[in-house]
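Trainee: Could you have a look at this structure, given as structure tokens, before my questions?
The values are calculated or read from the model by the stated rules, or taken from the named source; none is laboratory data. Just so we're clear, the structure is a prediction, and the values are computed from it rather than from any experiment. FYI the Cβ positions are ideal-geometry reconstructions off the backbone, even for glycines, and counts take in every protein chain you see.
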Amino acid sequence: MELPGTRAVAARTLWLDRAGSTNDELLAHATGVDAAEWPSLSLVATDTQTAGRGRLGRVWTAPPGASLAASLLLRPRLPVEAYGWLPLLAGLAMTQTLRGVGAAARLKWPNDVLIGGRKVCGILAELLPDASGVVIGSGVNLTLADEDLPVPTATSLRIEGVETTADAVLAAYVTEVAALLAALESAEGDADRSGLRVAVTEACDTIGRAVRVELPSRGQLVGTAIGLDPDGRLLVQDEIAGSGRDAVAVAAGDVTHLRY
């Protein structure tokens, strides 16, 4: 695929006709003998991914040509403590990208993108072994039909009435990530001074909702998501503890939006 728009904004672009996992492909390049030739904002993408990975070890596939899988390398000039904002930054960038092509997209903490409450994009960030950067993979359902959806809670741009191209999505996404990252770097990783915390909060459909969070410890937290802390953690007011207790800061977990 030619991808003229994407090649104009990405530092390096590799399109694969088929890939097991674009994250695996980019991680291999970013840490291999030619790692210096893969600078920040390098991209690997395909429309046929056979072994994509999601959060919590989930595996997903899609019919050939129906979804866009892309992995973007970031080598940020940031303190490592600020890396926790990078998945949220990517989720915000994809939300803004999809809004730009006509979708009523919203962010679900930490980094899924929803349209009408249904998932159109998932994002997975993986740290390089030496912590010098992060590979951020995203999977966007472009033209999936109803019968091809992996779960009833998923959707695609075509189902939502949005027709676009892989190049349009990728070019806009890389541009959005670059701008948000530059602002965060200028603020030395401070998400408040860069405006990132406010922007993510405004785009986030999770905040203000009743939620259930399945924690990595296998525990469960039910309450109301009331905001983000300075590290990007989701603040949840435990419904049992009530308003008299401090909100719980959740760094990782599987979040379900509750309707009651």
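Trainee: Taking the range 4-25 as the region of interest, how many residues are surrounded by 19 or more Cβ atoms within 10 Å (Cβ to Cβ) and either of a type in the set (Asp, Glu) or at pLDDT 95 or above (or both)?
Mentor: 7
Trainee: So, in the range 238-259, of the ones that are in a strand (DSSP E or B) and over 21 Å from the mean Cα position of the chain (by Cα), which residue ends up modelled with the highest pLDDT? Spell out how you get there, then give the answer.
Mentor: Kept after step one, since they are in a strand (DSSP E or B), are these residues of the range 238-259: 238, 248-250, 254-257.
Narrowing further to those that are over 21 Å from the mean Cα position of the chain (by Cα): 238, 248.
Values: Asp238: 88, Val248: 93.
My answer is Val248.
Trainee: Considering only residues that are among the basic types (Lys, Arg) and more than 18 Å from the chain's Cα centre (by Cα), which ones fall in the range 188-214?
Mentor: Residues of the range 188-214 among the basic types (Lys, Arg): 193, 197, 209, 212.
Within the range 188-214, Arg193, Arg209, Arg212 meet the criteria.
Trainee: Going by what's in this entry, would Pro110 be described as modelled with pLDDT under 95 and under 26 Å from Trp15 (Cβ atoms)? Give the steps one after another, and end with the answer.
Mentor: Details: modelled with pLDDT under 95: yes; under 26 Å from Trp15 (Cβ atoms): no.
Considered against the rule, which asks whether it is modelled with pLDDT under 95 and under 26 Å from Trp15 (Cβ atoms), Pro110 comes out as no.
Trainee: Looking at the range 196-212, which of its residues are exposed (fewer than 14 other Cβ atoms within 10 Å of the Cβ) and in a loop (DSSP other than H, G, I, E, B)? Steps first, answer last, please.
Mentor: Step one: of the range 196-212, the residues exposed (fewer than 14 other Cβ atoms within 10 Å of the Cβ) are 198, 202, 208.
Passing the criteria: only Gly208.
Trainee: Something else now. Within the bounds of the range 150-158, is there any residue that is free of Cβ contacts under 8 Å to residues at least 24 places away in the same chain and under 17 Å from Ala105 (Cα atoms)?
Mentor: Yes, the range 150-158 contains a residue that is free of Cβ contacts under 8 Å to residues at least 24 places away in the same chain and under 17 Å from Ala105 (Cα atoms).
Trainee: Continuing with this model, one more query. Of all residues in the range 110-139, how many are under 27 Å from Ala35 (Cα atoms) and of a type in the set (A, V, I, L, M)?
Mentor: Residues meeting the conditions: 9.
Trainee: Quick one: count up the residues across the range 116-160 that are among the hydrophobic types (A, V, I, L, M, F, W, C), farther than 20 Å from Leu170 by Cα and touching a helix residue (DSSP H, G or I) at 6+ places or on another chain (Cβ under 9 Å).
Mentor: Let us first name the residues in the range 116-160 that are among the hydrophobic types (A, V, I, L, M, F, W, C), namely 120-121, 123-125, 127-128, 131, 134-136, 140, 142, 144-145, 149, 151, 154, 157, 159.
Applying the additional criterion that residues be farther than 20 Å from Leu170 by Cα yields 127-128, 131, 145, 149, 151, 154.
Cutting the leftovers down to touching a helix residue (DSSP H, G or I) at 6+ places or on another chain (Cβ under 9 Å) gives us 127-128, 131.
Here the count works out to 3.
Trainee: On to the next question. Considering only the range 93-126, state which residues are touching a residue at least 40 places away in the same chain (Cβ under 8 Å), assigned to a strand (DSSP E or B) and among the β-branched types (Val, Ile, Thr).
Mentor: Ile115, Val120
Trainee: Of all residues in the range 213-237 being farther than 30 Å from Ala187 by Cα and surrounded by fewer than 16 Cβ atoms within 10 Å (Cβ to Cβ), which is modelled with the lowest pLDDT?
Mentor: Within the range 213-237, the match that is modelled with the lowest pLDDT is Arg218.
Trainee: Between Leu92, Leu78, Leu56, Leu41, which is at pLDDT 95 or above and closer than 24 Å to Lys119 by Cβ? Before you say what the answer is, go through the steps one by one.
Mentor: Values: Leu78 fails: closer than 24 Å to Lys119 by Cβ; Leu56 fails: at pLDDT 95 or above; Leu41 fails: closer than 24 Å to Lys119 by Cβ.
Going through Leu92, Leu78, Leu56, Leu41 in turn, the sole match is Leu92.
Trainee: Residues being hydroxyl-bearing (Ser, Thr, Tyr) and in contact with a Lys or Arg (Cβ under 8 Å, 6 or more places away or on another chain): count how many of those fall in the range 175-208.
Mentor: If we filter the range 175-208 for residues that are hydroxyl-bearing (Ser, Thr, Tyr), which is where we start, we get 175, 186, 194, 201, 206.
Then drop every residue that is not in contact with a Lys or Arg (Cβ under 8 Å, 6 or more places away or on another chain), which leaves 206.
Adding up the residues that qualify gives 1.
Trainee: Can you tell me which of (1) among the small types (Gly, Ala, Ser); (2) touching a helix residue (DSSP H, G or I) at 6+ places or on another chain (Cβ under 9 Å); (3) in contact (Cβ under 8 Å) with a residue 60 or more places away in the chain is the one Ala187 doesn't meet?
Mentor: For Ala187, the exception is condition (3).
Trainee: Which residues, taken from the range 161-187, are more than 13 Å from Leu86 (Cα to Cα) and within 16 Å of the chain's Cα centre (by Cα)?
Mentor: So in the range 161-187, the residues more than 13 Å from Leu86 (Cα to Cα) come out as 161-175, 186-187.
Passing the criteria: Val169, Leu170, Ala171, Ala172, Tyr173, Val174, Thr175.
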